[in-house]
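The values are calculated or read from the model by the stated rules, or taken from the named source; none is laboratory data. Predicted model, so just to flag it, every value in this text is computed and none were measured. Cβ coordinates were reconstructed from backbone atoms using ideal geometry, including for glycine residues, and neighbour counts include every protein chain displayed.
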Amino acid sequence: MKRAIITALCAAVFAVPIASGSSGGGMSSAPSPSMQQQRSPHDMAVDYYNAAERRLDGLAKTHDEMKASTDAQKVAKLQAKIAKGLENAAADFERAVKNDATLYQAYSELGFTLRKMGKFDESLAAYDKSLSIQPDYTPALEYRAEAYLGLNRIDDARKTYMGLFAADRPRADALLIAMKGFVASRRAAAAGLDPAQLEAFAKWVDEREVIHTQTAALTSQTSSFRSW
């Protein structure tokens with residue numbers, strides 16, 4: 001699912017149109033050398049950012065296709081496509097911040113991409129860089145909390161949720177979904193997390209879900225996020 005709020009933000013801040021191009025594991029739609037000579041580093045950064053965003057949107061669709069498939073060979077092929085696409089997206093986000101080190105959205109999306117690659121420590125570093133530039137950037141806060149979960153840092157994830165619940169309800173709701181998924185996955189495979197800690201966290205997540213249900217009607221905020 002396309003994260004329109006981030007794309008809209010970039011368009012509003014930078015007023016740079018998104019050029020057409022490929023997504024997934026194909027060729028990058030970043031500007032050609034001749035175009036690069038005519039554009040500022042800031043413009044180049046936005047171009048690389050937008051190319052990577054389009055790629056990630058395409059990979060989200062590939063991910064959904066993979067989850068729906070029961071063909072082992074097809075699943076393996078799609079997994080390889082996703083892995084390659086993530087590498088290419090990360091490279092474009094890195095090019096973006098190399099051209100404009102103030103582009104906090106690109107650092108956040110780099111963190112997202114690295115997290116999907118399983119590089120949690122590198123992911124956290126990218127989120128931290130984004131938040132050092134824009135401390136209240138809630139997409140980075142929510143994504144960083146998901147990286148905390150990957151590292152079993154459940155207290156940090158819980159604190160982030162409470163902050164988001166007050167500041168950005170849709171992001172808090174997205175994190176709640178991620179925390180429920182984390183509980184289910186760790187029950188299946190503990191991955192070093194103490195069972196007692198997991199069950200205490202699971203109880204807290206259940207309590208937050210009750211509160212979520214009771215208060216959902218009190219907010220009219222809506223947003224869209226990638227489904228993977």
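Data table
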{"item": "Filter result for the condition that a residue is at pLDDT 95 or above and within 21 Å of Ala140 (Cα to Cα), over Ala11, Ala83, Ala4, Ala45", "result": "Ala45"}
{"item": "Contacts under 6 angstrom Cβ, first residue in the range 188-207 being surrounded by 11 or more Cβ atoms within 10 Å (Cβ to Cβ), partner not basic (Lys, Arg) and not in a helix (DSSP H, G or I), 6 or more apart", "result": "Leu193/Asn152"}
{"item": "Close pairs from the range 112-130: first closer than 12 Å to Leu151 by Cα, partner of a type in the set (D, E, K, R), Cβ under 6 Å, at least 6 apart", "result": "Ser123/Arg115"}
{"item": "Qualifying residue in the range 142-157 (condition: under 22 Å from Ala60 (Cβ atoms), modelled with pLDDT of 95 or more, β-branched (Val, Ile, Thr) and part of a helix (DSSP H, G or I))", "result": "no"}
{"item": "Residues of the range 35-79 satisfying the condition of being more than 19 Å from the chain's Cα centre (by Cα) and small (Gly, Ala, Ser)", "result": "Ser40, Ala68, Ser69, Ala72, Ala76"}
{"item": "Selection count where residues are in a helix (DSSP H, G or I), more than 13 Å from the chain's Cα centre (by Cα) and polar (S, T, N, Q), scope the range 109-138", "result": "1"}
{"item": "The range 151-175: number of residues that are surrounded by fewer than 18 Cβ atoms within 10 Å (Cβ to Cβ), under 17 Å from the mean Cα position of the chain (by Cα) and under 17 Å from Gly111 (Cβ atoms)", "result": "1"}
{"item": "Filtered residues of the range 78-108 (kept if assigned to a helix (DSSP H, G or I) and of a type in the set (Gly, Ala, Ser))", "result": "Ala80, Ala83, Gly85, Ala89, Ala90, Ala91, Ala96, Ala106, Ser108"}
{"item": "Yes/no for Leu198 being modelled with pLDDT of 95 or more and assigned to a helix (DSSP H, G or I)", "result": "yes"}
{"item": "Number of the exception - Glu87 against (1) over 22 Å from Gln105 (Cβ atoms); (2) surrounded by fewer than 19 Cβ atoms within 10 Å (Cβ to Cβ)", "result": "(1)"}
{"item": "Residue within the range 189-199 that is within 24 Å of Pro139 (Cα to Cα) and either in contact with a strand residue (DSSP E or B) (Cβ under 8 Å, 6 or more places away or on another chain) or not β-branched (Val, Ile, Thr) (or both) present", "result": "no"}
